[in-house]
Amino acid sequence: MTITRREFVKWMAASSGAAAVAGCAGMGGSAAGRVVVVGGGYGGATAARYLKLWSPDIDVTMIERNDTFVSCPISNLVLGGNTQIGNITFGYDGLRKRGVNIVRDDAVAVDAGARQVRLASGKTLSYDRLIVSPGIDFMYDPVPGLKSADAQSRILHAWKAGPQTVALRKQLEAMPDGGVYVLYIQVAPYRCPPGPYERVCQVADYFKKAKPRSKIILLDGNPDIVSKKGLFVAAWNNLYKGMIDYRPNSELQDVDVKGMTVKLTFDNVKGDVLNVVPPHGAGQIAHQAGLVTANQRWCGVDWLTMESVAVKGVHVLGDATLAAPVMPKSASLANQQAKVCAAAVIALLKGEPVNQRPVMMNTCYSFVDSKNVIHVASVHQYDAAQKMTLVVKGAGGVSDKASELEGTYAWGWARNMWGDALG
């Protein structure tokens with residue numbers, strides 16, 4: 001891998017890594033089987049699209065509870081007032097036009113022996129191969145104060161883009177100038193490693209413009225900033241000096257909803273707006289289906305095919321997976337995993353060889369204000385000797401500094417990702 005960082009970023013913004021999986025063109029022929037995809041996020045939608053793109057003869061059904069796709073990447077900009085939720089919300093008509101059958105329902109059970117998925121409506125769908133891309137669900141047992149629906153409606157996580165994103169923005173708007181916004185982020189691994197730090201930047205950008213006397217307290221369960229540390233610290237010091245109070249090693253014990261207090265092991269932190277992201281793991285259907293293999297949270301997979309190591313014939317994508325070394329839980333990698341999976345599923349259904357050296361590329365952009373952006377990028381390739389996908393040393397990297405040019409790349413990346421998954 002001798003690609004330069006600048007070339008890598010420009011390539012990713014232009015193509016969203018669509019060329020990361022080779023050898024799929026021309027896959028066609030007679031009816032090849034039935035594939036059911038659970039979940040219509042970056043992983044599931046991309047898998048459904050590429051199955052039909054690369055092998056139109058496969059019958060593809062995607063189960064998704066929502067009628068629209070809301071992008072988690074870019075959603076922090078809604079909190080900063082730098083975009084609107086409608087700008088990151090899309091329908092699934094593009095997949096329908098490609099021949100994907102979309103069922104709006106919840107998958108509640110998987111019978112791997114019978115190769116069937118049962119839906120909340122009572123219907124069952126049969127499959128030859130099942131792809132599960134369930135995203136994340138939150139674990140409230142470690143945070144007793146947030147167990148009730150009322151508490152969860154008042155203390156938001158907004159870690160799934162959608163209604164909570166809009167609701168948190170309204171809380172920030174209602175907060176008085178001079179108020180305190182408190183964000184708690186759990187110990188890694190969690191969805192989107194740079195996400196909390198970008199969120200702080202976006203809220204600070206809003207406060208700087210509209211509530212300049214307000215403060216932000218970031219309670220980080222980790223011992224240090226886990227992604228793009230130097231770049232985020234530079235942004236906080238240069239753009240928002242004195243506004244952000246970063247507190248690492250913050251061990252969450254509970255939340256006092258009535259008292260608007262985050263309870264830590266050695267401290268209690270009060271705020272006017274509390275934004276608590278609880279521990280999370282693979283979506284519930286992954287637990288029911290017996291796919292969870294690690295820490296009661298994540299699903300182990302064979303990185304050649306994305307097939308579950310626990311349940312044959314079932315493949316797992318995205319944030320629900322037990323990540324390979326130095327592999328973040330990101331939209332880019334959900335998209336890339338989906339392509340590796342789609343190619344493997346087609347090969348398995350047709351009795352053809354599976355690609356033995358799949359490559360995945362990741363890039364993640366973070367807006368430090370309304371226009372200036374930083375990125376981190378990496379390349380991951382399967383290693384046959386270790387039977388694991390490993391980071392390619394010397395490939396990728398991070399920004400030298402925040403810039404408006406990277407802001408252009410970021411929006412280009414997002415639009416291409418949306419088209420790649422949904423078009």
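Residue by residue, what Karplus-based ³J(HN,Hα) values in Hz, rounded to whole numbers, does region 137-147 have, using 6.51, -1.76 and 1.60 with θ = phi - 60° and x for Gly and Pro? Once θ is set to phi - 60°, the couplings for region 137-147 become 10, 9, 10, 8, 4, x, 10, x, x, 10, 6 Hz. Each residue of region 47-58 was assigned a 3J(HN,Hα) from its phi angle through the Karplus expression (A = 6.51, B = -1.76, C = 1.60, θ = phi - 60°), giving 4, 4, 5, 6, 4, 6, 5, 8, 8, x, 6, 7 Hz with x at Gly and Pro. A simple rule links phi to the HN-Hα coupling: the Karplus curve 6.51 cos²θ - 1.76 cosθ + 1.60 with θ = phi - 60°, which for region 360-367 gives 10, 10, 10, 9, 9, 9, 10, 8 Hz, with x for Gly and Pro.
Solvent-accessible surface (1.4 Å probe) assigned to D67 amounts to roughly 90 Å². The packing ranking, built from the mean of other Cβ atoms within 10 Å per residue, places the peptides 48-58, 291-301 in the order 48-58, 291-301, highest first.
Alpha carbon centre of region 196-267 versus region 98-163: separation in Å? So the two Cα centres are separated by 30 Å.
Between P189, P358, P144, the residue with the greatest mean-square fluctuation in the GNM of the chain (Cα pairs under 10 Å linked by springs) is P144. Backbone amide hydrogens, once placed in the peptide plane, bring G33 within less than 5 Å of D59, excluding anything fewer than 5 places away on its chain.
Only helices enter the 222 nm calculation for the chain: every DSSP H run of n ≥ 4 contributes -39,500 (n - 2.57), and dividing by all residues gives -9000 deg cm²/dmol, rounded to 500.
How much net charge surrounds V166 when only other residues with a Cβ under 13 Å from its Cβ are counted (Lys, Arg +1; Asp, Glu -1)?
On the way: positive: K160, R169, K170; negative: E173.
Around V166, the charge tally is +2.
Rolling a 1.4 Å probe over the protein heavy atoms of the chain, with every protein chain left in place, gives an accessible area that is 51 percent carbon and sulfur. If I compute Cα extents along the principal axes in Å from the structure I just sent, which labelled value in [x] 90, 58, 45; [y] 66, 50, 40; [z] 98, 54, 41 lines up? The value computed from this structure is option [y].
Between G283, V257, V373, the Cα set farthest toward the positive side of the dipole of the chain (charges on each charged residue's Cβ, about the Cα centre) is that of V373. Averaged per residue, the chain has 40 square angstrom of accessible surface, using a 1.4 angstrom probe with ligands and nucleic acids left out.
Distances between placed amide hydrogens fall under 5 Å for T261 paired with D256, all partners being 5 or more residues away or on another chain.
Taking all protein chains as shown and a probe of 1.4 angstrom, D59 keeps an accessible surface of around 80 Å². Across the cross-link table entries K160/K263; K350/K387; K215/K270; K52/K160; K228/K393; K52/K339, which are compared at the Cα atoms, the separations over 21 Å belong to K160/K263; K350/K387; K52/K160.
The values are calculated or read from the model by the stated rules, or taken from the named source; none is laboratory data. Quick caveat: nothing in here was measured; it's all calculated off a predicted structure. FYI the Cβ positions are ideal-geometry reconstructions off the backbone, even for glycines, and counts take in every protein chain you see. Each accessible area value is taken on the protein alone, full model and side chains, heavy atoms only, with ligands, DNA and RNA left out. Shrake-Rupley method; radii C 1.70, N 1.55, O 1.52, S 1.80 Å.
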